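What follows is a set of notes on a single structure, which appears directly below.
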Amino acid sequence: MSEKKEKEKTCLVINADDLGKSPSVNAAIEKAYRLGVLNSASIMAGGEAFGEAAELAGKLPGLSVGLHATFCDGRSVLPHSEIPGLVDERGFFEENPAKAGLKYWTQRKVLSGQIEAEIEAQFDRLQRAGIQPSHVDSHHHLHAHPVLFAILSKAARERDIKWMRMPPGPLGPLTFDGFLKWASRCHEWAAFKALEVFNARAARSMGFLHFANTYGLSHTGHVCEDFFLKLVPRVRGPVAEVFLHPDLSTPGGARELDAVLSAKVKMLAGSGGITLAGFKDIPDSIKF
C-alpha cells in the first residue's frame with residue numbers, strides 16, 4: 001500500500017459510554033462487543049455495577065476501557081465527608097449538568113481541591129480493579145467545562161493516558177425527524193464547539209496533541225442503523241470515534257445496541273479505508 005493511501009485510512013473507534021452504570025448496561029456492552037462492532041467502552045468508577053463491569057473488562061481483554069469521569073448525575077467514589085461541596089450526604093452529584101457546571105464555575109476556587117481529589121479517586125479505583133485506562137471522557141461530557149477540563153487533563157497525562165474526548169467533533173449526519181430536535185442538537189453542538197476552542201490551548205499544554213474526530217453528540221439517545229450507514233462513509237481523520245449508550249432496559253438503549261449488531265453496519269465498518277480499532281490499539285505511528 002502506498003504512503004498516500006496509508007495516510008488516508010481511518011482508525012474507527014466505536015465506544016460505549018456508561019459501562020458500570022447498571023447490570024443492563026453492562027450486559028448490552030458485552031453483547032455489542034462479542035457480537036457487534038463495538039471495540040471500546042468508558043467505565044463509571046462510581047457506577048452501581050462497577051464491580052461487575054470491572055470483572056467484565058477482565059474477561060474481554062480486546063476491549064479498550066477508559067474512564068467515564070463523573071461530575072454530575074451519578075455517584076462519587078469519595079464520601080461526602082471528603083468532598084462536601086460536590087455531593088450530597090448520600091454521595092450523589094447534582095443531577096442537572098447545567099446546574100453542576102454553574103456551581104463548578106462560580107465556586108471554582110473553593111471546589112478545585114475537592115474536584116482534584118475525586119478525580120484521583122476515580123482513577124485509583126480503576127487501577128485497584130486492574131484497569132489501565134486507554135482513554136478519558138465523561139458523563140454528559142461535563143469534562144468540557146474549563147475548570148474540570150484543566151484538572152482532568154493534568155491527571156490523565158500523569159497516568160500516561162494519550163486519548164481524551166474533545167467534544168463536539170464534526171456535526172455528522174442528522175437522521176432523526178423534527179425541527180425542534182434538530183435545532184436543540186445544533187445549539188448543544190455549538191456550545192460544545194465554543195468550549196473546544198477555549199480548551200484547545202490547555203489540552204496542548206498538558207500534552208494532548210491528538211484527538212479523535214468524535215461523532216455522536218448530535219444523536220445522543222438516537223443512534224441507529226441509519227445513522228451508522230450514513231456516517232461511516234463520511235468519517236475523516238486518522239482516528240474517528242463514534243460514541244453511543246447501549247442498554248437492554250430502555251428503548252433507546254436497545255435501539256443503539258441493535259445498531260452495532262446490524263449486519264449492514266458490520267459490513268460497512270469493515271470496508272476499504274476503515275480499520276476498526278479500540279483506543280489502546282491505535283499505533284503511535286499514526287500521523288496527525
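Enumerate the strands (runs of 3 or more DSSP E) found wholly within segment 180-288, keeping only those where 2 or more residues are farther than 19 Å from MET166 by Cα and modelled with pLDDT of 80 or more.
Working: elements: 213-215, 239-244, 274-276.
Filter on segment 180-288 gives 274-276.
Checked against (1) modelled with pLDDT under 95; (2) of a type in the set (Gly, Ala, Ser); (3) exposed (fewer than 15 other Cβ atoms within 10 Å of the Cβ), GLY113 passes all but a single condition, namely (1). Comparison of ALA121, ALA41 shows that the only residue that is in contact (Cβ under 8 Å) with a residue 60 or more places away in the chain and either under 21 Å from ALA155 (Cα atoms) or touching a Ser or Thr at 6+ places or on another chain (Cβ under 6 Å) (or both) is ALA121.
Residues to consider are GLY101, GLY66, GLY91; find the one that is under 20 Å from the mean Cα position of the chain (by Cα), modelled with pLDDT of 95 or more and small (Gly, Ala, Ser). Steps first, answer last, please.
Values: GLY101 fails: modelled with pLDDT of 95 or more; GLY91 fails: under 20 Å from the mean Cα position of the chain (by Cα).
Result of the check over GLY101, GLY66, GLY91: GLY66.
Here is a yes/no grid of residues against (1) surrounded by fewer than 24 Cβ atoms within 10 Å (Cβ to Cβ); (2) modelled with pLDDT under 95; (3) farther than 25 Å from ASP124 by Cβ:
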site: VAL25; (1), (2), (3): no, no, no
site: ALA28; (1), (2), (3): no, no, yes
site: ALA41; (1), (2), (3): no, no, no
site: GLU48; (1), (2), (3): yes, no, no
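The values are calculated or read from the model by the stated rules, or taken from the named source; none is laboratory data. Values in this document were obtained by computation on a predicted structure and should not be read as measured data. Quick reminder, even Gly has a Cβ in these numbers, built from the backbone with ideal geometry, and neighbours come from all protein chains shown.
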